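Undergrad: My structure is below; once you've seen it, I'll send some questions.
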Ligand code: HEM
């Protein structure tokens, strides 16, 4: 089968609902055409970059390969609708992920220190209490669909607590995030333009939630991330309303579907590798390594795009100014050159230079928080939940943006 026949799969959301197939497709691309010109019907052409070193080479040169205007691949119909709805900018709201250069540096600098481990340490008790609540919830029933009733709620509650968002807003914010990050799931019958319209409405609904929070923090500042943002200044001026909303939106959305997908994928991987689960129970000191392996294995952010600002040769392929490049993180995390036994799930893997959090100046702002959440949950889970069995069909979310298990039915006893 010629490599070009993979093009329809590379752009397909459904590819990520079939993990085995996704691994085969990426392994072939890495072996035969690692920087692959993808020309799928209904999509703009782009280069699929599948090897770890190449993803890093592109992301390291953030002045040559920009995040603006778009970081997720859109089909031609979605693209046309997006450009129409955004007066040609491609963005409903400017957020960190779409910014470049000095603007990105200044905006990221506002919260960079807040997201570093030395600051996050003081949130440890809060994160652990959220993990305890979730395992308490599991304890009530002895069975659950982990991917539906636990995984999405835990990071949502953590990030919303950090932002200080009242609990009654949480369910709606979860629904809106899923609409933005996995819009094709359960909506196969809708046209691309309809999906774009739904996304626009979701942005509007997010704005309503956060505007209320912003007004509240202005009136009554607290010691939380929301207050930090509301009081933040760049060159002596406070952030404008759109800048603030963009910040809230990116922290809120980037912070939970990703972590939820990693958590559910990680638990699934441990259950599918009982020797690794047993070893983790015996040797809790391996928890940090297990979390890194879970992140590598899950790589739930399926891609980000970059746009070339100048001609460039990448692994012998001539990239032209204006070309679009897809950073295939799940592929990079299985690259044989970095992980010769990458097909094995090994909680003691060292070093573990995965690219689940990306690379360079845009590398995940919340990565230390995500690690902290995963560790806190797994520690609580391993201490209290025993005899865990997969108890029904496991399915995966069909999205090439952020995805992981859709259903993970479990049966267990409590210690
Ligand atoms: C960016 C993955 C959790 C906030 C990113 C990127 C990836 C990623 C791949 C793009 C990196 C690049 O372009 O090189 C993940 C994964 C997570 C996770 C796998 C969970 C396991 C979080 C959390 C937060 C967060 C908990 C915040 C609370 C962000 C932000 C950006 C980002 C703000 C944009 C950074 C920028 O463009 O400067 N993340 N993320 N993420 N992430 Fe995460």
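Undergrad: With N set to the number of residues, divide the alpha-carbon radius of gyration of the stretch 197-353 by 2.2 N^0.38 Å and report two decimals.
TA: 1.41
Undergrad: Percent relative contact order of the stretch 353-411, based on C-alpha pairs within less than 8 angstrom and at least six residues apart?
TA: 23 percent
Undergrad: Ok, one more. Please arrange 51, 199, 121 by counting, for each residue, the other beta carbons lying within 10 Å of its beta carbon, fewest first.
TA: The order, fewest Cβ neighbours first, is 121, 199, 51.
Undergrad: What's the center-to-center distance, using Cα atoms, between the stretch 195-243 and the stretch 117-153 in Å?
TA: For the stretch 195-243 versus the stretch 117-153, the Cα centre distance is 26 Å.
Undergrad: Determine Rg/Rh for the stretch 301-348; Rg is computed over alpha-carbon atoms and Rh is the Kirkwood hydrodynamic estimate from the same atoms.
TA: 1.13
Undergrad: Would you compute, from DSSP H runs of 4+ residues alone, the mean residue ellipticity of the chain at 222 nm, taking -39500 (n - 2.57) per run and dividing by the full residue count, rounded to the nearest 500?
TA: Taken over the chain, the calculation gives -14500 deg cm²/dmol.
Undergrad: Put one equal scatterer on each alpha carbon of the stretch 26-109, apply the Debye formula with no solvent term, and list log10 I(q)/I(0) at q = 0.15, 0.16, 0.17 1/Å to two decimals.
TA: Summing over Cα pairs of the stretch 26-109 leads to -0.71, -0.80, -0.88.
Undergrad: Further question: Taking 20 °C and 1.002 mPa s as the conditions, I'd like the Stokes-Einstein D for the stretch 260-329 in µm²/s, using the Kirkwood hydrodynamic radius from alpha carbon pairs.
TA: Value of D from the Cα-based Kirkwood radius: 146 µm²/s.
Undergrad: How much FRET efficiency would the formula 1/(1 + (r/R0)^6) give for residue 140 and residue 84, where r is the Cβ-Cβ distance and R0 is 41 Å, rounded to 0.05?
TA: Efficiency, rounded to the nearest 0.05: 0.25.
Undergrad: I would also like to ask the following. Determine Rg/Rh for the stretch 95-194; Rg is computed over alpha-carbon atoms and Rh is the Kirkwood hydrodynamic estimate from the same atoms.
TA: 1.05
Undergrad: Between residue 320 and residue 353, how many nm apart are label points set 7 Å from Cα along the C-beta direction?
TA: In this crude spin-label approximation the distance works out to 3.3 nm.
Undergrad: If each residue of separation counts as 0.36 nm, what is the full-extension length gain between residue 148 and residue 212 once their alpha-carbon separation is subtracted?
TA: The span from residue 148 to residue 212 would gain 20.2 nm if fully extended.
Undergrad: Could you pull the Cα extents of the stretch 121-269 along its three principal axes, largest to smallest, in whole Å?
TA: 52, 45, 26
Undergrad: What is the calculated FRET efficiency for residue 205 to residue 233, with r their C-beta to C-beta distance and R₀ = 22 Å, to the nearest 0.05?
TA: 0.20
Undergrad: Label the stretch 1-157 by shape, choosing from rounded, prolate and oblate, from the square roots a ≥ b ≥ c of the eigenvalues of the Cα gyration tensor; if a/c is under 1.5 it is rounded, and otherwise prolate applies when a/b is larger than b/c, oblate when it is not.
TA: Since a/c reaches 1.5 but b/c is at least a/b, the shape of the stretch 1-157 is classed as oblate.
Undergrad: Let me ask something else. Only counting other Cβ atoms within 10 Å, I'd like 335, 63 sorted with the fewest neighbours first.
TA: The most exposed by this proxy come first: 63, 335.
Undergrad: Provide the packing ranking of 261-273, 347-359, i.e. peptides ordered by the mean count of other C-beta atoms within 10 Å per residue, highest first.
TA: Per-residue mean Cβ counts within 10 Å order the peptides as 261-273, 347-359.
Undergrad: Could you tell me the center-to-center distance, by alpha carbons, between the stretch 257-323 and the stretch 1-79 in angstrom?
TA: So the two Cα centres are separated by 16 Å.
Undergrad: To continue, here is another question. Quick one: order 374, 344 by neighbouring beta-carbon count within 10 Å, fewest to most.
TA: Neighbour counts put them in this order, fewest first: 344, 374.
Undergrad: Separate question: Sort largest first and round to whole Å: the equivalent ellipsoid semi-axes of the stretch 11-58, each the square root of five times a Cα gyration tensor eigenvalue.
TA: Semi-axes, largest first: 18, 16, 9 Å.
Undergrad: Between residue 105 and residue 28, 0.36 nm times their residue separation minus their Cα-Cα distance comes to what?
TA: 24.0 nm
Undergrad: Another question, if that's okay. Once you place label points 7 Å from the Cα toward the Cβ at residue 311 and residue 363, how far apart are they in nm?
TA: For residue 311 paired with residue 363, the spin-label model returns 3.3 nm.
Undergrad: Moving to a separate point now. Please report the antiparallel percentage of DSSP beta bridges with both residues in the chain, rounded to the nearest 5.
TA: About 90 percent, rounded to the nearest 5.
Undergrad: Given the chain, what whole percent of its Cα pairs are spread farther than 37 Å?
TA: Here the tail beyond 37 Å accounts for 20 percent of pairs.
The numbers here are math on the coordinates, done by the rules we state, and not lab data. What you are looking at is a predicted structure, and each value in this text was computed from that prediction instead of being measured. Reconstructed Cβ throughout: ideal geometry from the backbone, glycine too, with neighbour counts over all protein chains shown.
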